[in-house]
1. What is the set of long-range amide H partners of B:Lys75 at a cut-off below 5 Å, with H atoms built 1.01 Å from backbone N?
2. Name the residues whose placed amide hydrogens come within less than 5 Å of the amide hydrogen of A:Leu29, ignoring near sequence neighbours (fewer than 5 apart) on the same chain.
3. Got the A:Ser7 label distances to the other copies yet, label 7 Å along Cα→Cβ, in nm, shortest first?
4. Run the label-point distances for B:His70 please: 7 Å along Cα to Cβ, every other copy, nanometres, shortest first.
5. How many Cβ atoms of partner chains, on average, are near each residue of A:81-90 if near means within 10 Å of its Cβ?
6. Put the label 7 Å from Cα along Cα→Cβ for B:Glu32; what are its distances to the other copies, in nanometres, shortest first?
7. Kindly provide the pair-distance distribution of the protein assembly as shown built from C-alpha pairs, with 10 Å bins from 0 and whole-percent values in order of increasing distance.
8. If we count every other residue with Cβ under 9 angstrom of B:Glu106's Cβ, Lys/Arg +1 and Asp/Glu -1, where does the sum land?
There are 2 protein chains.
Amino acid sequence: MKKRTYSCGLDAAVDVVGGKWKALILWALHDEPRRFGELRRMLSDISEKMLIQQLREMETCGLVHREVYHQVPPKVEYSLTELGQSLNTALLPLGEWGDKHMETIEAIPRD
Amino acid sequence: MKKRTYSCGLDAAVDVVGGKWKALILWALHDEPRRFGELRRMLSDISEKMLIQQLREMETCGLVHREVYHQVPPKVEYSLTELGQSLNTALLPLGEWGDKHMETIEAIPRD
DNA sequence: CTGCATCCAAAAAGATACTG
DNA sequence: CAGTATCTTTTTGGATGCAG
């Protein structure tokens, strides 16, 4: 969500789901609502800052719903909206492509 | 292609096609080979540096083939490899998702 | 025409300490 | 537990000039 206009749908979709984490977060939420700490553990390499930042952006986009339980200790659950679920579905073929070619890609020299 | 290991296929695929331009370049090449200047015109807002940079990375990944014609003036054609085409196919649903929801997304306040 | 090299600015990401 | 605030590092993008 950095741009304001898109040249095509693919442009828009990549803008929304791009970046290092959003697709993974979407996937982490695909089957059931997750708490903040739960997500942090699932995406073990993400910092708290990035996690909350990405979640907020996805909430703004209407991909994710945030449910606050006013308790002590606090509890917040994140879940996919319908839009989020439809995006997740659209990402499935991409995930399969990745599964199939992951090893090839990992084997490419980076430097 | 910033990472060396992936947590899942989706992770890998987003890494490969992520960034501001790669998906658009892939799409620009989907029907026929394109020359450098042609691509530059199709992606009107890209700088030469970014275009060549992204093309090189995609070449390294095995997504794009680069064919040099030793002529004066020089001519270079870029085309999709089979891997590139399969990735493009995997991106189709994402493009459709984008087409469907683009206006909603564009309407979201950025600041 | 196709590209490389350099320098610079902006944005994204990360580490760490702190709070209700 | 679920964040905020601040600072630093890394990555990305862009402008310009030069070359085969």
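1. Sorted by chain and number, the residues that satisfy this are B:Tyr69.
2. The answer is none.
3. Values, ascending and in nm: 3.1.
4. 7.7
5. What the average comes to for A:81-90 is 3.
6. 5.4
7. That works out to 8, 32, 34, 18, 6, 2, 0, 0, in percent per bin.
8. +1
FYI, it's all coordinate maths here, none of it is from the lab. Since the structure is predicted, the reported quantities are computational estimates derived from the model, not experimental observations. Cβ atoms come from the backbone with ideal geometry, glycine included; neighbour counts cover every protein chain shown.
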